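The values are calculated or read from the model by the stated rules, or taken from the named source; none is laboratory data. Because the structure is predicted, anything quoted here is derived from the model rather than measured. All Cβ positions, glycine included, derive from the backbone under ideal geometry; neighbour counts span all protein chains shown. Each accessible area value is taken on the protein alone, full model and side chains, heavy atoms only, with ligands, DNA and RNA left out. Shrake-Rupley method; radii C 1.70, N 1.55, O 1.52, S 1.80 Å.
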Amino acid sequence: MKSIKLILIFIFIILSKTQANSIENKIILKIDNEIITSLDVKKEARYLIALNPNTKNLSKDQIYLISKNSLVREKIKKKEILKNFEIINIEQDILKELIKNMFDKLNINSRNEFISYLNKNKLTIDHVEEKIKMEVMWNRLVYLKFKSKIKINSEAIKKEILQNQKTGSKKYFLQEILFDIKKDENIQKKNNLIQDSINKQGFEKTALLYSISSTSQNNGNIGWISASSLNKNIYDKIKDLKAGEISKPITIPGGFLILKILEMKIVQEEIDVEKELSKVIKNKTNSQLNQYSLIFYNKIKKDIQIDEL
């Protein structure tokens, strides 16, 4: 009789654990035939926090939301990447360099230390490498599709660089929030929501919450950029702003951009014209590619069935 009771207790414990696990790990989203579970979201949250510890300062609901949205973007991009995998695969040397850049930003001294840091966050280096690969392959895919559409006026840029050499070059330390609007959203309401968040939580937290740019993982920081590297439309919207001020939403292809000037300075120095020209062309090219990336992503997303369960 005692043995029967023990068996029944054992079965009850097993069933309880199974039920608890099924509750804990439930399907929350379907993206075509792909699923996202609650455990996937928790893992993504650990990844985002590991990359940017400031994410911890958000509420649990906010962390859940940005983690879920991050996974949705990744799943959608991955579908297109897998169609073109062979032509956009990433070399191992480049992957190692990107991993190094990642742990350098976290003030971690070596790959082994980084692996240990990931283990503490219940992550593996393989998982991180896979996510980096997906992002780089997406960027390569965008470049291959849109490189013929990139428009750069090298002569005009060179002329401006030479002029700046005489009068001084204006530079900005910028932060950004890049956002788009869904079919049922209104630009004014979305902007009011973001502005309210900036006022209550600060620009950095709001970038984490609402920005769809990769810079959101770095508090929205773009870094120092010269005025000559900026798109004319964007420069016209921020040229009269002072340090600490925030722009109104700037319409760009595929979305809207809010910029904050953290610092600004005039630099007057001898410039290697060809080196500076190459740098500005690279910045302008990346800016245009980022816009095409957003347009391309939104186009793909329209053809994908997303069901929240």
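So, in the stretch 199-241, exactly how many residues are part of a helix (DSSP H, G or I), aromatic (Phe, Trp, Tyr) and touching a strand residue (DSSP E or B) at 6+ places or on another chain (Cβ under 7 Å)? First the steps, then the outcome.
Looking only at the stretch 199-241, we keep the residues that are part of a helix (DSSP H, G or I), and these are 199-201, 203-210, 214-218, 227-229, 232-238.
Filter once more, so that each one left must be aromatic (Phe, Trp, Tyr): 203, 210, 235.
Subset that is touching a strand residue (DSSP E or B) at 6+ places or on another chain (Cβ under 7 Å): 203, 210.
Number satisfying all stated conditions: 2.
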### Query
Taking the condition closer than 21 Å to Lys147 by Cα, in contact with a strand residue (DSSP E or B) (Cβ under 9 Å, 6 or more places away or on another chain) and open to solvent by less than 40 Å² (accessible area, probe 1.4 Å), does Leu294 pass?
yes
### Message
Of all residues being open to solvent by 40 Å² or more (accessible area, probe 1.4 Å) and not charged (D, E, K, R) in the stretch 272-286, which is farthest from Lys151 (Cα to Cα)? Just the residue, please.
### Response
Ser278
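Residue-wise test of (1) at pLDDT below 95; (2) surrounded by fewer than 12 Cβ atoms within 10 Å (Cβ to Cβ).
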| position | (1), (2) |
| --- | --- |
| Gln62 | yes, no |
| Lys79 | yes, no |
| Leu82 | yes, yes |
| Leu95 | yes, no |
| Asn119 | no, yes |
| His127 | no, no |
| Glu135 | yes, no |
| Ile152 | yes, no |
| Leu162 | yes, no |
### Query
Of the residues that make up the stretch 246-268, is at least one at pLDDT 95 or above and among the small types (Gly, Ala, Ser)?
yes
### From the options Asn54, Asn119, Asn112, residue that is assigned to a helix (DSSP H, G or I), over 27 Å from Phe296 (Cα atoms) and either in contact (Cβ under 8 Å) with a residue 60 or more places away in the chain or in contact with a Leu (Cβ under 9 Å, 6 or more places away or on another chain) (or both)
Asn54
#### Entry: Residue list for the stretch 180-198, filter: open to solvent by 50 Å² or more (accessible area, probe 1.4 Å), part of a helix (DSSP H, G or I) and in contact with a Phe, Trp or Tyr (Cβ under 9 Å, 6 or more places away or on another chain)
Ile187, Leu193
### Task
State the number of residues belonging to the stretch 18-51 that are exposed (fewer than 14 other Cβ atoms within 10 Å of the Cβ), among the hydrophobic types (A, V, I, L, M, F, W, C) and part of a helix (DSSP H, G or I).
3
### Query
Does Ser169 satisfy being open to solvent by less than 70 Å² (accessible area, probe 1.4 Å) and touching a strand residue (DSSP E or B) at 6+ places or on another chain (Cβ under 8 Å)?
yes
